[in-house]
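**Q** Input: one structure, supplied below.
The values are calculated or read from the model by the stated rules, or taken from the named source; none is laboratory data. Bear in mind the structure is a predicted one, so any value in this text is a computation, not a measurement. For neighbour counting, all protein chains shown are included, and Cβ atoms are generated from backbone atoms with ideal geometry for every residue, glycine included. Side chains are part of the model used for accessible areas, which takes the heavy atoms of the whole protein and leaves out ligands, DNA and RNA. Shrake-Rupley method; radii C 1.70, N 1.55, O 1.52, S 1.80 Å.
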There are 2 protein chains.
Amino acid sequence: MSSEPNGTKIDVEKLFAEEKADWKGYVEWEQYPEKKEIAHTILETKKFPYPPEFQMAPLPKTNPVLIGHRWKAYHEALGLGHIVDHSWDIVQKEKHDIIHLLDFPYNGETRRYQLLENKLTNNKYHFVRNHGGIPDIKEEAFELEIGGLVNKPAKISLKDLKDPAQFLQVEVTVTLQCSGTRRIEQIMQYPGDGDELINAPWGIGTAVYRGVPLKKVLKRACGGILPNCEHLEFIGAETYFKKNNVFNYAVSVPWRKVRQNEEVILAWEMNGEPLPKSHGAPLRVIVTGYIGARSCKWVYKINALAEPSMGPVQSQEYLYYTPQIGKQNTKYSSGFSIQQMPVSSAIIFPEDKEVIIHDGKITLKGWAYSGGGNWVERVEVSPDGGSVWYAVAQEDMTEKHYHAWRLWKIDVPVDAEGWLEFCVRTWDSSNNTEPTFVRSAWNWDLHVTSSAHRIKLYSVNKSKPATAKRLKELDEKGVGFEPLTRPLEFALEDVDEYLANVRKYPREPRS
Amino acid sequence: MSSEPNGTKIDVEKLFAEEKADWKGYVEWEQYPEKKEIAHTILETKKFPYPPEFQMAPLPKTNPVLIGHRWKAYHEALGLGHIVDHSWDIVQKEKHDIIHLLDFPYNGETRRYQLLENKLTNNKYHFVRNHGGIPDIKEEAFELEIGGLVNKPAKISLKDLKDPAQFLQVEVTVTLQCSGTRRIEQIMQYPGDGDELINAPWGIGTAVYRGVPLKKVLKRACGGILPNCEHLEFIGAETYFKKNNVFNYAVSVPWRKVRQNEEVILAWEMNGEPLPKSHGAPLRVIVTGYIGARSCKWVYKINALAEPSMGPVQSQEYLYYTPQIGKQNTKYSSGFSIQQMPVSSAIIFPEDKEVIIHDGKITLKGWAYSGGGNWVERVEVSPDGGSVWYAVAQEDMTEKHYHAWRLWKIDVPVDAEGWLEFCVRTWDSSNNTEPTFVRSAWNWDLHVTSSAHRIKLYSVNKSKPATAKRLKELDEKGVGFEPLTRPLEFALEDVDEYLANVRKYPREPRS
């Protein structure tokens, strides 16, 4: 493939070739400003498809739900179409049974029943939110480079990093959460920026990661940081596009966070298994209690910086805006860069708009989480939209962790029939709880949907005689109660009974 | 066509033939119990398609929106397929430019702009909610029969009825409203019974009807009613189906209502033109301030009764249930038969989820109505979901009528940007106003959606400097503001400005 900006014929395959042997899918951009400039020139000559409209229109019922035409076209424009193909091959192997929200860059979400199977999410089912293709890097060929404001720059092979004689290893139980988790709730009521985003109702999962604290690596390999270092920047091997510019993925976290040994680790193991490629093998960062975007996958370079990363993922995305900011006036500097995640929870079972036939109690199950080292203290469920609240018993929650969710279940007393609105709220160890309504926390970029999660259920209480009678009637006729909206085909009352009732209490007054 | 219940071959075309010459599409059922029984037996042998699921799934974007497969199949099963065809021909002639919600029985709704053109709705655009095929009856052949609890039964030709020397004529300005008006709001949040119902967001319209008061006709033609008459039943010429039984359309209203001369009239003229066939020509009932269903079309028979009509439209439908009643326990006698309509209103412009670019005021337009002889006194609009309310000026409303709506418009002061929730409420002459939320008035049969109508608008206030700047920027680049969700393709802030801003107020505290 060739491209001809400004009349110069360019062999893009050669110019934008992979950087290193056995680092499949990795193209280096950050070291080569001229190469980035040429890529920009090429991208400017092309028209790319708009991101799919998934907010104003119903979502397709397909799997993958959406197709990443735009990012595929970006890659193809630079002769990188092979990345698209091998990424999908990896997904098929590692993640064949989850919901594929977007095929490329790959975004997949755990199905409901998989999410609640266990406190730790099976690696096969753990959500994935990627920003580019999936590199395929041979472990033996891999090395990590550390530079910037450190006493001495270093390169470390994975073999050395994994050597417990050189670096202390830790295991941490960590819930990772995309800040798009539960975004569908914002989208359905108040659409916002549609930039490459896809709704992520359940973009959350938990695993035990094994690795080494970054703090220890900086100390031992680089002799520590320089006094003016404030942020540590992580560069990932995937290719990232933003407004016709090309980058390697780059984000940063404060040194203050890195100082807590087990809160920022370089990890190669997930739930006792080697880290899957789709999760960042051979090496990724895990930042506890932060937005998932900071837990950089395929990290091959770390820079000690005086200020936060200027990478667009850090400086131009994952920004939290006040509601007066929107398409009409957004600037990057008017957003608050999302790092620690707030307290949040969700009802996973039952689903919204289900019919529940019960005898006075309805069982609800879900997750609850808080970021920034706050643990989940209490979970409460309301059967009436937020007036009456019932607390989940401690024995009905999984154990506390500093950096992980608690799964919970509760039998909620329910007398009323018809449509009822259930919601959940969580109190964390700082006594933070959640905003009440979606609109209480709406923001243009549709991040951190942390309001009390709400579902409507149609309650059928068979402990009530009239209901028990109707259910029996349906049973005798071999007719199901559902679909709810399907009319009953038989008379609801015989004429004599009807007349007796309406004559006893006539519609119009007698005088 | 023939049918063979119980092994007996029946010629349905002959058995269920039209009753009278020049009364096309009219089959008499109520006089012939045996014929009804045979029809029932035939219908019981067949399987009919379920009504379309329009509540749990998105509505198709087609016009007609829904196809009446079920009612077409009912007609075909009795050899009445010709009624389906000629009904649609009449619709094409009389109503070609409205929204066809259901093709058969025909249900059509006025488009938004047609609704607000004039205080009186153009006959071509007035909504139609039919329950069967449209009869095509020659005026000269028509006669009205009156029986039951009257001093003397009578038959009156249309010519006599229209003779001002015999019967005093009146003109009344009347808003008719299907009790399904604005049902879409209930459906979208809380689905209910799906029996032949289609959402009817704007099933309302206003016309001047000319005719004769029923009270005068009863007096002059029949010598008045007997003392035990409490209800007047109207029988319409169309064929109506309910749970495999067949009927002529039948409803009733109290004698107490009929006593008000101009509140129950027999009408043949609509807005100075002959009544269209789809609206009941040659003769229909108009009942002011009541649910549209009582204004019986193609009325050919009136019965004076001691009790309300046992017709299923009266006794089994248009019932208003308390929220604890639903599919699990409904009986006909547990509903309140809907006659007078409550106070209600709607915002017609702008539409839900529109983007509004303005300079501090947003114009809203709509209708407001109350039934039962209450007139609309005051209309109020809230730009914040129901806390602050602004009243519409009297000069911005059409004139008061006892039995008709008022159209209104208002410029609402709006400073805020982003998603705002507007709602409208109306106060009638009894100081009734509307429930606040859809769920405040939800009912299983989804009738009288009278809660404060709500829309979300995305406000872009160009009197704000940052917004004016962005709009200018878009203009210079030749890019539209909409679609709202489409990402901006240019940088939202240059690097120097960004750095100056984030260095002035850094993300993390200094200490």
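**Q** Specify which of the listed residues (B:411, B:428) is open to solvent by less than 20 Å² (accessible area, probe 1.4 Å) and out of contact with any Gly (no Cβ under 7 Å at 6 or more places or on another chain).
**A** Numbers: B:411 fails: open to solvent by less than 20 Å² (accessible area, probe 1.4 Å).
The match here is B:428.
**Q** I'm checking my understanding of the structure. Among residues of segment B:488-499 that are of a type in the set (A, V, I, L, M, F, W, C) and within 8 Å of another protein chain (Cβ to nearest Cβ), which one is nearest to residue A:51 (Cα to Cα)? Walk me through how you get there before you give the answer.
**A** Of segment B:488-499, the ones of a type in the set (A, V, I, L, M, F, W, C) are B:488, B:490-492, B:495, B:499.
Filter again for within 8 Å of another protein chain (Cβ to nearest Cβ), leaving B:488, B:490-492, B:495.
Details: B:488: 11, B:490: 15, B:491: 17, B:492: 18, B:495: 25 Å.
Filtering first and then ranking leaves B:488.
**Q** If we only count strands (runs of 3 or more DSSP E) wholly inside segment B:317-389, which ones have 2 or more residues that are open to solvent by 10 Å² or more (accessible area, probe 1.4 Å)? Spell out the reasoning first.
**A** Working: elements: B:344-349, B:354-358, B:361-369, B:376-382.
Those strands (runs of 3 or more DSSP E) span B:354-358, B:361-369, B:376-382.
**Q** Go through B:223, B:289, B:311 for me and flag whichever is at pLDDT 95 or above, of a type in the set (Gly, Ala, Ser) and open to solvent by 30 Å² or more (accessible area, probe 1.4 Å). I'd like the intermediate steps shown before the answer.
**A** On the way: B:289 fails: open to solvent by 30 Å² or more (accessible area, probe 1.4 Å); B:311 fails: open to solvent by 30 Å² or more (accessible area, probe 1.4 Å).
After ruling out the rest, the residue left standing is B:223.
**Q** Sticking with this structure for a sec: Being touching a Leu at 6+ places or on another chain (Cβ under 9 Å) and more than 14 Å from chain B (Cβ to nearest Cβ) is the filter; apply it to segment A:26-62 and report the residue that is surrounded by the fewest Cβ atoms within 10 Å (Cβ to Cβ). Before you say what the answer is, go through the steps one by one.
**A** Step one: filter segment A:26-62 for residues touching a Leu at 6+ places or on another chain (Cβ under 9 Å), giving A:27, A:35, A:38-39, A:42-43, A:51-52, A:54-56, A:59-60.
Still in the running and more than 14 Å from chain B (Cβ to nearest Cβ): A:27, A:35, A:38-39, A:42.
Working: A:27: 25, A:35: 16, A:38: 20, A:39: 29, A:42: 22.
The residue in question is A:35.
**Q** Could you name every one of the helices (runs of 4 or more DSSP H) located completely within segment A:1-116 that has at least 2 residues being in the same structural domain as residue A:247 (by TED's automatic domain parsing) and either modelled with pLDDT of 90 or more or closer than 30 Å to residue A:444 by Cβ (or both)?
**A** Per the criteria, A:33-44, A:69-77, A:81-94, A:112-115.
**Q** Is it true that residue A:189 is under 17 Å from the mean Cα position of the chain (by Cα) and assigned by TED's automatic domain parsing to the domain that holds residue A:296? Don't jump to the end; show me each part of the working.
**A** Working: under 17 Å from the mean Cα position of the chain (by Cα): no; assigned by TED's automatic domain parsing to the domain that holds residue A:296: yes.
Answer is no for this residue.
**Q** Where residues in segment B:473-487 are without any contact (Cβ under 8 Å) to a residue 12 or more places away in the chain and within 8 Å of chain A (Cβ to nearest Cβ), which of them is farthest from residue A:315 (Cα to Cα)?
**A** Step by step, filter segment B:473-487, then rank; the result is B:483.
**Q** Looking at B:407, B:319, which one is at pLDDT 95 or above, in contact with a helix residue (DSSP H, G or I) (Cβ under 9 Å, 6 or more places away or on another chain) and not assigned by TED's automatic domain parsing to the domain that holds residue B:30?
**A** Working: B:319 fails: not assigned by TED's automatic domain parsing to the domain that holds residue B:30.
Sole residue among the options that is at pLDDT 95 or above, in contact with a helix residue (DSSP H, G or I) (Cβ under 9 Å, 6 or more places away or on another chain) and not assigned by TED's automatic domain parsing to the domain that holds residue B:30: B:407.
**Q** Please tell me if residue B:470 is part of a helix (DSSP H, G or I), in contact with a strand residue (DSSP E or B) (Cβ under 8 Å, 6 or more places away or on another chain) and within 13 Å of chain A (Cβ to nearest Cβ).
**A** Details: part of a helix (DSSP H, G or I): yes; in contact with a strand residue (DSSP E or B) (Cβ under 8 Å, 6 or more places away or on another chain): no; within 13 Å of chain A (Cβ to nearest Cβ): yes.
Spelling it out, it is not the case that residue B:470 is part of a helix (DSSP H, G or I), in contact with a strand residue (DSSP E or B) (Cβ under 8 Å, 6 or more places away or on another chain) and within 13 Å of chain A (Cβ to nearest Cβ).
**Q** Give the residues of segment B:436-467 that are farther than 14 Å from residue B:187 by Cα, facing another protein chain (nearest Cβ under 10 Å) and open to solvent by 10 Å² or more (accessible area, probe 1.4 Å), sorted by residue number.
**A** Residues satisfying the conditions are B:456, B:462, B:464, B:465, B:466.
**Q** Is there any pair with a first residue in segment B:405-432 that is within 14 Å of chain A (Cβ to nearest Cβ) and assigned to a loop (DSSP other than H, G, I, E, B) and a second that is crowded, with 21+ Cβ neighbours inside 10 Å and acidic (Asp, Glu) whose Cβ atoms are under 9 Å apart and which are 6 or more apart or on different chains, and what are they?
**A** Close Cβ pairs satisfying both conditions: none exist.
**Q** Give segment B:473-485 a look and list any residue that's open to solvent by less than 10 Å² (accessible area, probe 1.4 Å) and either over 29 Å from residue B:190 (Cα atoms) or part of a helix (DSSP H, G or I) (or both), or say none.
**A** Listed by number, the list holds a single entry, B:474.
**Q** For the subset of segment B:242-267 comprising residues that are assigned to a strand (DSSP E or B) and out of contact with any helix residue (DSSP H, G or I) (no Cβ under 7 Å at 6 or more places or on another chain), which member is surrounded by the fewest Cβ atoms within 10 Å (Cβ to Cβ)? Step through it out loud before you land on a result.
**A** Taking segment B:242-267 first, the residues assigned to a strand (DSSP E or B) are B:242, B:245-254, B:264-267.
With out of contact with any helix residue (DSSP H, G or I) (no Cβ under 7 Å at 6 or more places or on another chain) added as a condition, the list becomes B:248, B:254, B:267.
Numbers: B:248: 22, B:254: 16, B:267: 26.
The extreme case among them is B:254.
**Q** For segment A:14-25, what are the residues that are in contact (Cβ under 8 Å) with a residue 12 or more places away in the chain and either within 14 Å of chain B (Cβ to nearest Cβ) or open to solvent by 70 Å² or more (accessible area, probe 1.4 Å) (or both)? Write out each step before concluding.
**A** Residues of segment A:14-25 that are in contact (Cβ under 8 Å) with a residue 12 or more places away in the chain, as a first pass: A:15-16, A:20-25.
Scanning segment A:14-25 gives A:20, A:21, A:22, A:24.
**Q** Would you check if residue A:333 is of a type in the set (Gly, Ala, Ser) and closer than 22 Å to residue A:130 by Cβ?
**A** Considered against the rule, which asks whether it is of a type in the set (Gly, Ala, Ser) and closer than 22 Å to residue A:130 by Cβ, residue A:333 comes out as no.
**Q** While we're looking at this one, here's another question. For segment A:70-92, enumerate the residues that are open to solvent by 30 Å² or more (accessible area, probe 1.4 Å) and more than 21 Å from the chain's Cα centre (by Cα). Give the derivation first.
**A** Start the filter on segment A:70-92 by keeping residues that are open to solvent by 30 Å² or more (accessible area, probe 1.4 Å), which leaves A:72, A:76, A:82, A:85, A:88-89, A:92.
A:72, A:76, A:82, A:85, A:89, listed by residue number.
**Q** Looking at (1) open to solvent by 10 Å² or more (accessible area, probe 1.4 Å); (2) touching a residue at least 12 places away in the same chain (Cβ under 8 Å); (3) touching a helix residue (DSSP H, G or I) at 6+ places or on another chain (Cβ under 9 Å); (4) away from chain A (no Cβ under 14 Å), can you tell me which one residue B:210 breaks?
**A** (3)
**Q** So, of the residues in segment B:226-239 that are surrounded by fewer than 22 Cβ atoms within 10 Å (Cβ to Cβ) and either more than 19 Å from residue B:151 (Cα to Cα) or touching a helix residue (DSSP H, G or I) at 6+ places or on another chain (Cβ under 7 Å) (or both), which turns out to be nearest to the other protein chains (Cβ to nearest Cβ)? Explain how you work it out, then say what you get.
**A** Filtering segment B:226-239 down to residues surrounded by fewer than 22 Cβ atoms within 10 Å (Cβ to Cβ) leaves B:226-230.
Now narrow it down to the ones that are either more than 19 Å from residue B:151 (Cα to Cα) or touching a helix residue (DSSP H, G or I) at 6+ places or on another chain (Cβ under 7 Å) (or both): B:229-230.
On the way: B:229: 13, B:230: 8 Å.
Looking at residues that are surrounded by fewer than 22 Cβ atoms within 10 Å (Cβ to Cβ) and either more than 19 Å from residue B:151 (Cα to Cα) or touching a helix residue (DSSP H, G or I) at 6+ places or on another chain (Cβ under 7 Å) (or both), I get B:230.
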